[in-house]
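Single-structure report; data block below.
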Amino acid sequence: MRQANLFNVDLRSTRLAGANLQQALCNELTQFPADISPVTVGAIVIAPGISLRGADLAQVSLAGADLRGANLTEINLRGSDLWGADLSDASLVRANLTGANLWGAQLTNADLTDAIVLDANLTGAELSGTNLAEESID
């Protein structure tokens, strides 16, 4: 299950012994067995206010993800699908968003200082209050 998307999945009755959950994506609604913590098995928690500073999430689907107020400083989201994601008040300082799909994403008051957004799809994205200082946009 390496790099699997486990958003909203109930794993409470699943036997996970020996399963590789490194970089599996889970959210606040993902339910693990009582004896397993997503962090200790290497899963990446996608949730409001989370710190994913410097994480490599290139080519990952985060469509509809709730990352309000998250620390996404220096994150690599190159080619990722963030369609409809809520990134309001998030720090995307020096983030790599090259080729990312941000169609309809909520970026209100996000900080994109020095972010790279070359070839990113910002169609329908809400950018009010967004700090775009020194970003690279093409």
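The values are calculated or read from the model by the stated rules, or taken from the named source; none is laboratory data. All of these numbers come straight from a predicted model, not from anything done at the bench. Heads up, the Cβs are rebuilt from the backbone with ideal geometry, glycines too, and the neighbour counts pull from every protein chain shown.
Select from segment 37-46 the residues that are in a loop (DSSP other than H, G, I, E, B) and either basic (K, R) or buried (at least 17 other Cβ atoms within 10 Å of the Cβ) (or both) and list them in ascending order.
P38, A43, listed by residue number.
Residue count for segment 48-102 under the criterion of being in contact with a strand residue (DSSP E or B) (Cβ under 6 Å, 6 or more places away or on another chain) and farther than 18 Å from I116 by Cβ: the result is 10.
Please pick out the residue among L25, L29 that is farther than 21 Å from E126 by Cβ, touching a Leu at 6+ places or on another chain (Cβ under 7 Å) and not assigned by TED's automatic domain parsing to the domain that holds L132.
So the residue among L25, L29 that is farther than 21 Å from E126 by Cβ, touching a Leu at 6+ places or on another chain (Cβ under 7 Å) and not assigned by TED's automatic domain parsing to the domain that holds L132 is L25.
Screening segment 96-136 for residues that are part of a loop (DSSP other than H, G, I, E, B) and polar (S, T, N, Q) and picking the one that is surrounded by the fewest Cβ atoms within 10 Å (Cβ to Cβ) gives S128. Considering only residues in segment 57-86 that are polar (S, T, N, Q) and under 21 Å from L132 (Cβ atoms), the one that is surrounded by the fewest Cβ atoms within 10 Å (Cβ to Cβ) turns out to be N71.
Listed here are the residues, each with its yes/no results for (1) under 22 Å from L92 (Cα atoms); (2) of a type in the set (A, V, I, L, M, F, W, C); (3) touching a Pro at 6+ places or on another chain (Cβ under 8 Å).
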{"site": "R12", "(1), (2), (3)": "no, no, yes"}
{"site": "L21", "(1), (2), (3)": "no, yes, yes"}
{"site": "C26", "(1), (2), (3)": "yes, yes, yes"}
{"site": "L29", "(1), (2), (3)": "no, yes, no"}
{"site": "A34", "(1), (2), (3)": "no, yes, no"}
{"site": "P38", "(1), (2), (3)": "no, no, no"}
{"site": "I46", "(1), (2), (3)": "yes, yes, no"}
{"site": "G54", "(1), (2), (3)": "yes, no, no"}
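Any residue at all in segment 87-95 that is in a loop (DSSP other than H, G, I, E, B), surrounded by 21 or more Cβ atoms within 10 Å (Cβ to Cβ) and under 10 Å from the mean Cα position of the chain (by Cα)? Among the residues of segment 87-95, at least one is in a loop (DSSP other than H, G, I, E, B), surrounded by 21 or more Cβ atoms within 10 Å (Cβ to Cβ) and under 10 Å from the mean Cα position of the chain (by Cα), which makes the answer yes.
Going through segment 1-27 one residue at a time, which ones are surrounded by 13 or more Cβ atoms within 10 Å (Cβ to Cβ) and in a strand (DSSP E or B)? Answer for segment 1-27, where residues must be surrounded by 13 or more Cβ atoms within 10 Å (Cβ to Cβ) and in a strand (DSSP E or B): N5, L25, C26, N27. Remark: pairs (first residue in segment 96-115, at positive phi; second residue of a type in the set (D, E, K, R) and assigned to a loop (DSSP other than H, G, I, E, B); Cβ separation under 9 Å; 6+ apart in sequence or on different chains) = G99/R78; G99/D119; N109/D89; D114/R94; D114/E134; D114/E135.
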